[in-house]
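Following: one structure in structure tokens, then a few remarks.
The values are calculated or read from the model by the stated rules, or taken from the named source; none is laboratory data. In this text the structure is predicted, and so the values were computed from the model without any measurement. Neighbour counts run over all protein chains shown; Cβ positions are idealised from the backbone, glycine included.
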Amino acid sequence: MAENAPAVKGKGTVFVRLEVCKGCSYCIDFCPTKCLAFSKEFNAKGYHYPVLAKPEGCVGCDLCGLYCPDFAIFGVRLKDLEKAPRK
Amino acid sequence: MNETLKAENPVLPYLRQDRLPHIWCPGCGIGSTVNCFARALTESKLDLDKVAIVSGIGCTGRVAGYMNLDSFHTTHGRAIPFATGLKLGNPNLKVVVYSGDGDLFAIGGNHFVHAARRNMDLTVICVNNSTYGMTGGQVAPTTPLGATQTTMPYGNFEPPFNLPFLAEACGAVFVARWTVFHVRQLIRTMKEGLAKRGFVFIEVLAPCPTLYSRRNKLGDGVDQVKYYKERSAVKDGADTREVGLSFQGDIAVGKFVDRDRPTWLDAMNRHYSSVLHDYHEVGHAED
């Protein structure tokens, strides 16, 4: 599954499975730090998917992951990511 | 650096990934409730081999097919009777009924009433989208007064069910309502409901952008979730007679009822133990 390479500048980042996103904008509208935005590109189904427009704002709270009805996006804190074993 | 960052979505192990992407429309809230349910399962630390999920027919009825648990997608309205049989056949299972308002309260209304009366040990999660989503937006028993639907083109004049009141009046031991906006609270309540013994009823309000919102010119799914955000107020322990829903009106959310009554199996064991001399108790032996 295609995942966009996360941009890392803040305390956290998001992973998006582009091809299952349906562009409902839940994650973008309810992001507490307003750091997500629609992409200019389309995915294979013709939807605009979310991208991390302000990577410095993301704190990895995973609220986008809780809202996402399509299980396409989730956020992680960088400190949690570093603890996890690399695959 | 970017190539080294890898993580797996924590919800995916709970889903049958060969069935995804799911059939729900863009902006539909059912997926968010499934997301919360998967996280509630993680937090509750239940043995997933002992959790079964039963759904009826409808958009929400698809949940049983997407969850990577022992699941059954049964006939329309009969999710609760099937779950009752499952629970009584194997009382060590944690049985979750996950279905929509049309399935549980229209065709399955009678079963709901009696399972609540008997205090059957089930966790019932009802995703209420105020309409019949899968069949084309007909008026459901939960459609608020004044809402326009395909079978009520001049607005609905039938008073809807107040689901928490119905559940409490019939005897449910745990009644709560949240919306798709309240994801963290919903996870907490689902976790509590999974741990509670007896008939647990959790109502989740979800937008139906394709039929309900579009017929009523309420915008997209996310606009409906914003309405939930603006007009909902947490009223824990509120009188369920006063938590009815109106068209785009105020929404009372929270945990309304949390009480204890003997479950059907407990009552049966107690009764037959006192009446019959050579009776062996069934169920909950391994608890």
Considering only the range A:33-43, I want to know if a residue exists there that is farther than 20 Å from residue B:29 by Cβ, facing chain B (nearest Cβ under 10 Å) and in contact with a strand residue (DSSP E or B) (Cβ under 8 Å, 6 or more places away or on another chain).
no
Grab the strands (runs of 3 or more DSSP E) fully contained in the range B:196-283, keeping just those with 3 or more residues being among the aliphatic types (A, V, I, L, M) and in contact (Cβ under 8 Å) with a residue 24 or more places away in the chain.
B:200-205, B:251-258
Going by the structure shown, is residue B:55 within 7 Å of chain A (Cβ to nearest Cβ), under 13 Å from the mean Cα position of the chain (by Cα) and either closer than 27 Å to residue B:225 by Cα or hydroxyl-bearing (Ser, Thr, Tyr) (or both)?
no
By residue number, the members of the range B:139-180 that are surrounded by fewer than 15 Cβ atoms within 10 Å (Cβ to Cβ) and touching a strand residue (DSSP E or B) at 6+ places or on another chain (Cβ under 7 Å) are B:151, B:158
Condition check: within 12 Å of another protein chain (Cβ to nearest Cβ) and without any contact (Cβ under 8 Å) to a residue 24 or more places away in the chain. Does residue B:21 satisfy that?
yes
Just to be sure I understand, how many residues within the range B:194-218 are small (Gly, Ala, Ser), surrounded by fewer than 24 Cβ atoms within 10 Å (Cβ to Cβ) and under 21 Å from residue B:251 (Cα atoms)?
1
Residue B:32: within 16 Å of the chain's Cα centre (by Cα) and within 11 Å of chain A (Cβ to nearest Cβ), yes or no?
yes
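For (1) over 20 Å from residue B:193 (Cα atoms); (2) touching a helix residue (DSSP H, G or I) at 6+ places or on another chain (Cβ under 6 Å); (3) of a type outside the set (Phe, Trp, Tyr), each residue gets a yes or a no:
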{"residue": "B:46", "(1), (2), (3)": "no, no, yes"}
{"residue": "B:49", "(1), (2), (3)": "no, no, yes"}
{"residue": "B:53", "(1), (2), (3)": "no, yes, yes"}
{"residue": "B:58", "(1), (2), (3)": "yes, yes, yes"}
{"residue": "B:71", "(1), (2), (3)": "no, yes, yes"}
{"residue": "B:75", "(1), (2), (3)": "yes, no, yes"}
{"residue": "B:80", "(1), (2), (3)": "no, yes, yes"}
{"residue": "B:83", "(1), (2), (3)": "no, no, yes"}
{"residue": "B:88", "(1), (2), (3)": "no, no, yes"}
If I filter the range B:1-37 down to residues being among the hydrophobic types (A, V, I, L, M, F, W, C) and touching a Leu at 6+ places or on another chain (Cβ under 7 Å), which single residue comes out as farthest from residue B:213 (Cα to Cα)?
B:5
Per the list (1) part of a loop (DSSP other than H, G, I, E, B); (2) touching a residue at least 40 places away in the same chain (Cβ under 8 Å); (3) aliphatic (A, V, I, L, M), residue check on residue B:41 breaks on (1)
Residue check, residue A:69 more than 11 Å from chain B (Cβ to nearest Cβ) and under 18 Å from residue B:225 (Cβ atoms):
no
From B:70, B:103, grab the single residue that is charged (D, E, K, R) and in contact (Cβ under 8 Å) with a residue 40 or more places away in the chain.
B:103
Looking for something without any contact (Cβ under 8 Å) to a residue 60 or more places away in the chain, surrounded by 15 or more Cβ atoms within 10 Å (Cβ to Cβ), away from chain B (no Cβ under 12 Å) and touching a Phe, Trp or Tyr at 6+ places or on another chain (Cβ under 6 Å) - is there at least one such residue anywhere in the range A:22-31?
no
Looking at residue B:49 and the list (1) part of a helix (DSSP H, G or I); (2) within 23 Å of residue B:104 (Cα to Cα); (3) of a type outside the set (Phe, Trp, Tyr); (4) more than 14 Å from chain A (Cβ to nearest Cβ), which single condition is not satisfied?
(2)
Scope the range B:4-18; condition in a helix (DSSP H, G or I) and either at pLDDT 95 or above or facing chain A (nearest Cβ under 7 Å) (or both); matching residues:
B:4, B:12
Unique match (being over 20 Å from residue A:25 (Cβ atoms) and either surrounded by 19 or more Cβ atoms within 10 Å (Cβ to Cβ) or aromatic (Phe, Trp, Tyr) (or both)) among B:249, B:237, B:254:
B:254
